[in-house]
Amino acid sequence: AFNQNDVFRAAFGVEGDINANWSWLVDTSASYTDLRAGARDVVLDRYPRAISGLGGSDCLPATGTPGMGECYYYNPFMSAALPDAATRQTNLSQTGLANDPGMLEWLVPLRTDVFEGELFTIDARVMGEFGELPGGPIGLAFGAAYREEEVGRDADAMVNAGEMATLGVFNDFRGKQQVDSLYFELALPVHEDVNIQFAGRQEEYDIGFSEFSPKIAALWNVNDRLTLRASWGTSFKGPSISHVAAETIFTGMGPPTTTVAGTTYGMGPGTGFIYISRPNTNLLPQTSDNISFGADFIVN
């Protein structure tokens with residue numbers, strides 16, 4: 001088996017000053033990921049031929065002689081790896097107990113699945129200070145962002161057709177989503193020892209849902225040794241592209257039955273299960289409320 005992961009990424013940014021108190025910045029990036037995953041597996045339809053001595057890409061089952069000429073036996077046992085395997089039992093096969101390399105390549109080929117991912121982002125923001133509070137000027141940052149991401153899987157043709165013994169069936173899929181964002185952050189030095197921050201971000205997904213995530217944080221320098229801080233905010237995780245934009249098919253393997261705490265699970269003699277995951281554009285984001293408290297104390 002092998003995994004090969006290639007990542008290409010380019011980023012560019014430009015910034016400038018509006019005046020002595022305000023500045024601007026624009027960032028953009030583009031990346032492409034190519035992951036190739038390979039593994040060897042037995043081709044189901046070829047196994048009966050190979051175990052009967054009629055294995056090999058050039059063997060003609062109708063006219064070939066088992067174990068002779070272009071036809072080879074497949075030895076599934078560890079005896080095929082013995083140092084003298086090729087010289088044993090030559091009356092049955094021209095390769096003895098050894099497996100012919102060409103026949104193995106035909107019977108247990110290397111299948112390769114390709115996973116691709118693309119990401120493009122652009123972020124523009126303005127930062128500055130204005131006004132005056134007891135602890136100093138008010139700080140403000142606000143901006144807009146856009147990101148576009150695409151993922152896809154190009155499974156090996158033998159995997160698409162379900163020809164492999166243990167790798168199951170996988171389909172090809174591709175999906176894309178786009179997200180627009182607006183955000184701000186406000187720093188309020190209400191006292192020389194007390195700082196309060198307000199922040200918020202609005203995300204709009206092209207599949208039809210949006211979410212606003214606010215945050216409030218405070219920092220209090222009680223004295224030279226003690227600092228207290230606290231924050232409250234919300235966050236969310238949106239559905240992935242495979243959840244909302246791509247139908248996937250895959251096969252899972254499991255034991256016929258499993259007993260846990262006196263209850264038996266499973267479907268009997270079979271060990272292969274085919275699953276279909278269908279996209280649902282009505283999925284809502286998972287949300288959370290986050291509260292934190294902390295303190296720093298300098299002992300000496």
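Hey, with R₀ at 51 Å, roughly what FRET efficiency would E105 and V299 work out to, going by the Cβ-Cβ distance, to 0.05? Write down the numbers at each step before the final one.
Details: r = 69 Å, r/R0 = 1.35.
Computed FRET efficiency for E105 and V299: 0.15.
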Over segment 1-82, what per residue volume does the convex hull of the Cα atoms give, in whole Å³? 181 Å³
Put a dot 7 Å past each Cα toward the Cβ at T251 and R225; how far apart are the dots in nm? 6.9 nm
Relative contact order [Cα under 8 Å, 6+ residues apart], segment 9-66, whole percent: 22 percent
Using each residue's phi in segment 56-71, evaluate 6.51 cos²θ - 1.76 cosθ + 1.60 at θ = phi - 60° and report the 3J(HN,Hα) Karplus result to the nearest Hz, with x for Gly and Pro. x, 5, 9, 7, 9, x, 6, 10, x, 9, x, x, 10, x, 8, 10
Kindly identify the chain as rounded, prolate or oblate by the Cα gyration tensor criterion: order the square roots of the eigenvalues as a ≥ b ≥ c, call it rounded if a/c is under 1.5, otherwise compare a/b with b/c, prolate if a/b is larger, else oblate. prolate
Helix-only CD estimate at 222 nm, as mean residue ellipticity for the chain, using -39500 (n - 2.57) per DSSP H run (n ≥ 4): -1500 deg cm²/dmol
Rounded FRET efficiency, nearest 0.05, which uses the C-beta distance separating D45 from N160 and R0 of 25 Å: 0.95
By the gyration tensor of its Cα atoms, with a ≥ b ≥ c the square roots of the eigenvalues, what is the shape of segment 117-210: rounded for a/c under 1.5, prolate for a/b over b/c, or oblate? prolate
Explain nothing, just compute: Karplus ³J(HN,Hα) = 6.51 cos²θ - 1.76 cosθ + 1.60, θ = phi - 60°, for every residue of segment 134-150 in order, whole Hz, x for Gly and Pro. x, x, x, x, 7, x, 9, 9, 8, x, 9, 9, 9, 9, 9, 10, 9
With a 1.4 Å probe and all protein chains left in place, how much of the accessible area of the chain comes from carbon and sulfur atoms, in whole percent? 57 percent
Heavy-atom accessible area with a 1.4 angstrom probe orders Y205, Y47, most exposed first, as Y47, Y205
Multiplying the sequence separation of R278 and T33 by 0.36 nm and subtracting their Cα-Cα distance, what value in nm do you get? 85.8 nm
Note down the accessible area of D34, probe 1.4 Å, to the nearest 10 Å². 10 Å²
Taking 0.36 nm per residue of separation and subtracting the Cα-Cα distance, what length does fully extending F212 through S242 add? 8.5 nm
Please give me, ordered by residue number, the chymotrypsin sites (Phe, Trp or Tyr not before Pro) of segment 49-80 that lie in loop per DSSP and have at most 16 other Cβ atoms within 10 Å. F77
Give the separation of the Cα centroids, segment 183-210 to segment 69-127, in Å. 55 Å
Everything considered on the Cα gyration tensor (a ≥ b ≥ c; rounded for a/c under 1.5, else prolate if a/b is larger than b/c, else oblate), segment 212-252 must be described as prolate
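The values are calculated or read from the model by the stated rules, or taken from the named source; none is laboratory data. It should be emphasised that the depicted structure is a prediction, and the values quoted were computed from it without experimental measurement. All Cβ positions, glycine included, derive from the backbone under ideal geometry; neighbour counts span all protein chains shown. The area values use the complete protein model at the heavy-atom level, side chains included, leaving out ligands, DNA and RNA. Shrake-Rupley method; radii C 1.70, N 1.55, O 1.52, S 1.80 Å.
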